[in-house]
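Data block below; observations after.
The values are calculated or read from the model by the stated rules, or taken from the named source; none is laboratory data. Treat the numbers as computed from the prediction; the structure is a model and nothing was measured. Positions of Cβ are backbone-derived with ideal geometry, glycine not excepted, and every protein chain shown enters the neighbour counts. Heavy atoms of the whole protein, side chains included, go into the accessibility calculation; ligands, DNA and RNA do not. Shrake-Rupley method; radii C 1.70, N 1.55, O 1.52, S 1.80 Å.
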Amino acid sequence: MNLKNDREMRMLPLLPLRGVTIFPNSVTTLDVGRDKSIAAMEEAVKNDRRIFAVTQRDSMVDQPGIEDLYSVGTIITIRQIMPLPDQTVRLMVQGEARAILVSVQEKGAYQEAEVAAQVIQLDQEAPTAQSRAYMRTIVSFARQLMKERGLNMPEFAQAIEGEKLPGNLCDSVAGNLFTGVEDKQHVLESFDVNLRLELTADMLGREISICRLEDQIQQRVREAMDRANHEYYLREQMRAIQDELGEDEDEEIAGYRKQLKESAMPDEARDKVERELRRLARTAAQSPESSVSQNYIEYMLELPWGVKQESEIDLARARKVLEEDHYGLKEVKDRLLEYLAVRKNTDKLKSPIICLVGPPGVGKTSIAKSIARALNRKFTRMSLGGVHDEAEIRGHRKTYVGAMPGRIISSIQRCGTMNPVFLLDEIDKIASDMRGDPAAALLEALDPEQNSGFKDHYLEAPFDLSDVLFITTANSTEPIDRALLDRMEVIEVSSYTQEEKVKIARRYLLPRQLEAHGLKRGQLRASERTIADLIDGYTREAGVRTLERTIERLCRKAALNLIENPDRKLINLRTADLKTYLGPQRYLRQPVAGKTKVGMVNGLAWTSVGGEVMPVEALALDGKGALELTGKLGEVMQESAKLARSIVRVRAGAYGVDAAFFEKHDLHIHVPEGAVPKDGPSAGVALSCALMSAVSGVPARCDIAMTGEVTLHGEVLPIGGVREKLLAAYRMGITHILLPRENEKDLEKIDPEILGKLEVTLIDSVDEAMKLVLTNEKKMRLAI
């Protein structure tokens, strides 16, 4: 029976490897130190001691996902385990078979890989004449390579001389002689033995050529060093003679002066460079100060003084580019087109500082790239997440060892132009410590009235940033320094509706992932209904980042399906197929219509990742009038709960509750998902309605969601995040919303199609909310 092409789908613990490739039929040792790797090893030992080992593309990634791993690895068996003193474990393992990585799943403490194992039964008959010729060539090349590298490996040489199977010979040579992970991986991914023979022979021939070239290069370097030392002494003698005779400076300094003369550098910066040139001319070449001055002069001359990308402003083209790259985001696009229109009329307009605020995954970073393309300018990006050193922004003074400019000037220098589109990403994630406050350093750079003279500590001269179009992004404006926020024009990038997500998936995400996975557009199709069900059942987010990852997973499954079934030309994805490809739904929309519960209402919350429906629960217990609050409520929300209790006590008589009730009963308020911190005043209406339902025994409608801050007298005040909150309710199937009357103006920002499906009731007082939320069913009176 020939099992050469058979594949077996298996689930095995995953062991990512850094800089190591394991081949079948090889025995090697590994040091395992990462927590997930140790957990995977322990899981394998509990079963049949088998584990799937696959090499990382980038060894610096500490928590690799499937995109960080090669597609082919090796199923290995753990033979021996040896704990080491540094909390790591040394394994002796034996390779068994090649396998294709299909998917990676998180299993708590470790990762599990779904693999398509290639069950290889090597031909036991004598190799063909061509295979035998390749094998002899490989053995000869291997001996030559060991000789070129000066390797003394008699046991290995003897082993490959006696190897009878061509596949084993290739694996053994690649594992012992190839130094690069990519080269080893190419051999591992060659399932066809004849192709593997050819590839191994080619790589060995290339390595021999490289070794010989290295020898030639080393010889030339030695000769060049001898010449350089000779020239150094001659130049020092010439310098001494020129100093005695008073002759002109050397050619290098003369070259710097020529570049300075041709540069459009402003006067203050020019004076700084002139001073450093005079110092360099007086300093000995071997002096440390010489390299400091030289580095400073060269950097100043490399900056793009006066260099700008000027092009004819084409509003029609700009609009087309923005529409091609992004769906929606109307306010951002309109603001940019307004800027271009004014810039077309006058050059005196200063570049605005735009701050895009919105939840993750809504396209804030990518819209900045589109703006650069629409303006026909260069684009540069600087991530501010975790930056806590002022020197990252302003640089170090050049007198420090290893001094360098700040990241703003460095980015401008790399761009080669003074008017790029500059993205400052995650500006709300800036930190500060004893080394300074980066937010304070950004005040000058992001102030249109001051940034024409921005001073970097390294340059010690002003640099004009007024033509740079700065765009910043943030998930929330709350953490941003108030003075910094005042300098920026905030544009909210709101959550996407389901309809918008469906259009984005069909127009952008699906075609992009099909191309990335080598699939043609006609090979995988999905209707709008299918994508809508995908969004409902497998994603719950404000943006589309998780949606794109889910589509990526579908494309991987589809690619495997099409390869394993060559007769199948296309996959027409239906809703029923989602469970087959993605497993059970992760999120189930719970029906709320028709349900009523005592002491439970639906509040609406606004977080940095979008809007959320926030259930609020209240319960009355026998006690002495205490108020218990759980659910990790913040200080402001705790005050709202105390306020709600006072509001309910004043109105309790209207609902048949005796005044003595509150002295003989404790009240308990809980907001589910207790591990998630919650704060803010906008839950006042929901807290009041939940408490009134609990003390009166009147069931509360669960098909209504509400938001609003309340005063001590029961008036309802406006809140923020209206669009995100309404979209969250819409996603959960709640269509009746109670909203403060003063927020009526915010309804204009909501898509009319979505708004038409919602029943929004504007309220002025908490009494109006209670009349709507508390049902007319028979009250369940509590004994007092």
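Of all residues in segment 16-51, those satisfying the criterion of being closer than 19 Å to Gln63 by Cβ and among the charged types (D, E, K, R) are Arg18, Asp31, Arg34, Asp35, Lys36, Glu42, Glu43.
Considered as a group, the residues in segment 63-82 that are open to solvent by 80 Å² or more (accessible area, probe 1.4 Å) and within 32 Å of the chain's Cα centre (by Cα) include one that is nearest to Asp171 (Cα to Cα), and that residue is Glu67.
Annotation note: Cβ proximity below 6 Å between a residue of segment 413-426 that is under 14 Å from Ala372 (Cα atoms) and a residue that is part of a strand (DSSP E or B) and open to solvent by 20 Å² or more (accessible area, probe 1.4 Å) (sequence gap 6+ or interchain) occurs for Val421/Phe379; Leu423/Arg381.
Scanning segment 626-656 for residues being assigned to a loop (DSSP other than H, G, I, E, B) and modelled with pLDDT under 90 gives a total of 4. May I ask you to verify whether Glu748 is among the charged types (D, E, K, R), free of Cβ contacts under 8 Å to residues at least 24 places away in the same chain and open to solvent by 10 Å² or more (accessible area, probe 1.4 Å)? In short, yes. The number of residues in segment 303-361 being touching a helix residue (DSSP H, G or I) at 6+ places or on another chain (Cβ under 9 Å), aliphatic (A, V, I, L, M) and open to solvent by 30 Å² or more (accessible area, probe 1.4 Å) comes to 4. Just one of (1) out of contact with any Asp or Glu (no Cβ under 9 Å at 6 or more places or on another chain); (2) within 30 Å of Pro566 (Cα to Cα) fails for Met9. It is (1). Residues in segment 716-734 that are in contact with a helix residue (DSSP H, G or I) (Cβ under 8 Å, 6 or more places away or on another chain) and of a type outside the set (A, V, I, L, M, F, W, C) were compared, and the one that is surrounded by the fewest Cβ atoms within 10 Å (Cβ to Cβ) is Pro718. Pro681 meets all of the listed conditions (1) part of a helix (DSSP H, G or I); (2) touching a strand residue (DSSP E or B) at 6+ places or on another chain (Cβ under 9 Å) but one, namely (1).
So which residues in segment 488-510 are over 30 Å from Glu444 (Cβ atoms) and open to solvent by less than 20 Å² (accessible area, probe 1.4 Å), if there are any at all?
Ser495, Tyr496, Thr497, Lys501, Val502, Ile504, Ala505, Leu509
Only one entry in Glu515, Glu548 is among the acidic types (Asp, Glu) and surrounded by 17 or more Cβ atoms within 10 Å (Cβ to Cβ), namely Glu548.
Being open to solvent by less than 20 Å² (accessible area, probe 1.4 Å), over 23 Å from the mean Cα position of the chain (by Cα) and at pLDDT 85 or above, is that true of even one residue in segment 423-436? No, that holds for no residue.
Given the structure, is Glu492 among the charged types (D, E, K, R) and within 21 Å of the chain's Cα centre (by Cα)? Yes: the conditions hold for Glu492. Of the residues making up segment 282-298, those that are surrounded by fewer than 18 Cβ atoms within 10 Å (Cβ to Cβ) and assigned to a helix (DSSP H, G or I) are Arg282, Pro288, Glu289, Ser290, Ser291, Asn295, Glu298.
Tallying residues that are in a loop (DSSP other than H, G, I, E, B), crowded, with 18+ Cβ neighbours inside 10 Å and in contact with a helix residue (DSSP H, G or I) (Cβ under 8 Å, 6 or more places away or on another chain) within segment 402-422 yields 4. Applying the selection to segment 370-392, what residues are acidic (Asp, Glu) and touching a strand residue (DSSP E or B) at 6+ places or on another chain (Cβ under 8 Å)? Answer for segment 370-392, where residues must be acidic (Asp, Glu) and touching a strand residue (DSSP E or B) at 6+ places or on another chain (Cβ under 8 Å): Asp389, Glu390.
When Thr137 is tested against the conditions (1) more than 18 Å from Gly205 (Cα to Cα); (2) of a type in the set (S, T, N, Q); (3) part of a helix (DSSP H, G or I), the lone failure is (1). Filtering segment 363-378 for residues that are at pLDDT 85 or above, among the hydrophobic types (A, V, I, L, M, F, W, C) and over 22 Å from Ile313 (Cβ atoms) leaves an empty set. None of Ala542, Ala559, Ala532 is open to solvent by less than 40 Å² (accessible area, probe 1.4 Å) and touching a strand residue (DSSP E or B) at 6+ places or on another chain (Cβ under 6 Å) except Ala542.
When you look at Ile353, is it aliphatic (A, V, I, L, M), touching a Pro at 6+ places or on another chain (Cβ under 9 Å) and touching a residue at least 24 places away in the same chain (Cβ under 8 Å), yes or no? Answer is yes for this residue. Checking the stated criteria, Thr775 turns out to be surrounded by fewer than 24 Cβ atoms within 10 Å (Cβ to Cβ) and either touching a residue at least 60 places away in the same chain (Cβ under 8 Å) or not hydroxyl-bearing (Ser, Thr, Tyr) (or both).
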